[in-house]
Structures are given as C-alpha cells and as structure tokens.
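The values are calculated or read from the model by the stated rules, or taken from the named source; none is laboratory data. It should be emphasised that the depicted structure is a prediction, and the values quoted were computed from it without experimental measurement. Counting neighbours? That spans all protein chains shown, and the Cβs are built from the backbone with ideal geometry, glycine included.
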Amino acid sequence: MFETVFGIKYTKPEVFLLQNTGIGVSEVAARTCYDSFSNSENEAIRDISCSFPDEEMLLSINSVESSNLLHDLAWTHFHHSILEHANLSFLIRGTSRGVLQEHARHRIQAISVRSTRYTMSSVINAFVAAQTSGDREFFIDKVLGFNMFVASDEEYNRIEINGMYEKLNYQFKQVEDFYEIAVAKSSLELLALHKGDSEALFAALEAGKKKRNVGDAFKHIITDNVKVDMVVTFNLRSLKNYFTLRDSGAAYFQIRWLAQEMMRKTPAKYLDLIVKKVKNI
C-alpha cells in the first residue's frame, strides 16, 4: 500500500501479531487486589479462590475474552496498572529508521531490530563491484533493486543512492585499506580475478563469505529513508499510551501509519480496554 506525503510516495508498513497473552491474567491480578474471585463472570477465575489453577484452568484463564472488572477499572476508575499483565508482540516489516528513532521515546517496550551492523554486506559489495570498473550507475541500479527504502519514487531513491555512493567514495579515497574493511579476507582475491567486470565481481562477493560487522564502518551512509524490520512487545498499558500518542494527527506520519496498522491487528478484547471508542479501522 502506498501514500503520497509532501510530494513523495511512500510504502506503508506490514504488521503481524506474533503472540498475545490474553486478558485473563490481568483479571486474576485485579481480583487478587480485591480478593473478589467469586464475583467474576468467568468460571475459571472464580475457581482460583478454591485452589491453585491446574493446566486446564490455565487454558481457560488465558482464553478469557471479556472482563467486567477490567472494563470498570480501565474506564471508570482508571486503574491501569493491572493492564501491565497482558502482553502483545508484533512483527513489523517495512517501517523506517525514522520510526525506529520515534519508538525509542516509548520507555516500556521490548524491541529487536534488523541490524545494520550485520545486514549491509550487499550494499558494500555493490560499491566494491562498481569500483572495479568505475561504474557509479551499476551501484545505483543494483541498490535500487534491493527495495530498501520506504520512499517508493525511483527518481527520489536514485538521489538517495547517489548520496550513499558519494559517502562511500569519499571514504574509499581516505582509507588506504578500504577493501580489507569492506570485504571478507577470503574474498579479497576475487577483486583481481574479476577486475573490470562489476556484475561478475558482485555475484562472486555475494556468493562468498560475508564480512562480519561490515556496518560498523559504513552505517553512516544510510538515512531515515531505509526500511527496517523489527519485533516489538508491549504490555497493554504501554500499548494504550502508544496508540493514544501515535494515532494522533500530531504524530509523525510514518509512525501514525504503523500505530494504525498495529491497532488493526490488535484483537478487540484488548482494544475494548485501551481505546475509548474503537474506530472503524
């Protein structure tokens, strides 16, 4: 899906809900506070007052779809700490490094992100291959094919990739042992073997051993336009805060798109507790 903002067409992120722990444990936590298990409309939770739960009871607790107590605490008494016992994990693909920077402002989340330290080898291989024949356009065309930007306008991305080339070329001229930094030791012999043939050298480098941590030396060449994949886990209270702030019209448009897609993938039993009026999303 695409949308044009400020004259540039962008791709929107994709979201998949990996796991959700249910709201039953949150009700157990709340009823522990009030010692009111017998008042629950959920049989499995009522039974906890008599014994510790067995495996069958745990399955029932984690299958709870609604809770009158949680609704009252969330919307009448604003007692949101009990929501911290429910967790959701999302797989996110195709958001931007700019959104990653915005995510860092949300204090309570677990986040694992595609690393530029370990995943930039193809970009560096394209540059090394371009250098063997002095072919800037080879680098631009090759990187354009990696589909690595959230902006989807080819002309705009060519400008972006040309900037990457200029940064790498500057470093190439400044660093005497550039190839030793950029290419695995076992692949250095390929530079002489395929000298003058960018396509053959690129293919050989891609087939060879990847340089470990190659992004350490070169991650500065990329911008917030670059796509990232990540897995994020929020407890329900933090997710409420995230949706409140990031589904706002005042939010950065790319993180607003992400929040809206995450909301679409969040089951109704959670939204009922954290979104006052569930929109048609």
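Listed values, structure above:
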| item | result |
| --- | --- |
| Some residue of segment 126-149 being touching a strand residue (DSSP E or B) at 6+ places or on another chain (Cβ under 7 Å) and more than 20 Å from residue 205 (Cα to Cα) | yes |
| Enumeration of residues in segment 8-67 that are within 20 Å of residue 88 (Cβ to Cβ) and aliphatic (A, V, I, L, M) | 15, 17, 18, 23, 25, 28, 29, 30, 58, 59, 61, 64 |
| Long-range neighbours under 7 Å by Cβ, at least six apart or interchain, first residue touching a residue at least 12 places away in the same chain (Cβ under 8 Å) within segment 179-193, second exposed (fewer than 13 other Cβ atoms within 10 Å of the Cβ) | 184/209; 186/209; 187/209 |
| Single residue of 67, 96, 89 found to be surrounded by 18 or more Cβ atoms within 10 Å (Cβ to Cβ) and either in contact with a Phe, Trp or Tyr (Cβ under 9 Å, 6 or more places away or on another chain) or under 30 Å from residue 197 (Cβ atoms) (or both) | 96 |
| Options 227, 240; residue that is in a helix (DSSP H, G or I) and either touching a residue at least 40 places away in the same chain (Cβ under 8 Å) or surrounded by 14 or more Cβ atoms within 10 Å (Cβ to Cβ) (or both) | 240 |
| Meets criteria (of a type outside the set (S, T, N, Q), outside the structural domain of residue 238 (by TED's automatic domain parsing) and within 19 Å of residue 219 (Cβ to Cβ)) for residue 104 | no |
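Yes or no, residue by residue, for (1) within 17 Å of the chain's Cα centre (by Cα); (2) of a type in the set (A, V, I, L, M, F, W, C); (3) closer than 25 Å to residue 155 by Cβ:
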| position | (1), (2), (3) |
| --- | --- |
| 95 | yes, no, yes |
| 104 | yes, yes, no |
| 107 | yes, no, no |
| 123 | no, yes, yes |
| 129 | no, yes, yes |
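Residues checked against (1) modelled with pLDDT under 95; (2) closer than 23 Å to residue 8 by Cα:
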residue	(1), (2)
114	yes, no
140	no, yes
144	no, yes
152	yes, yes
200	no, no
211	yes, no
217	yes, no
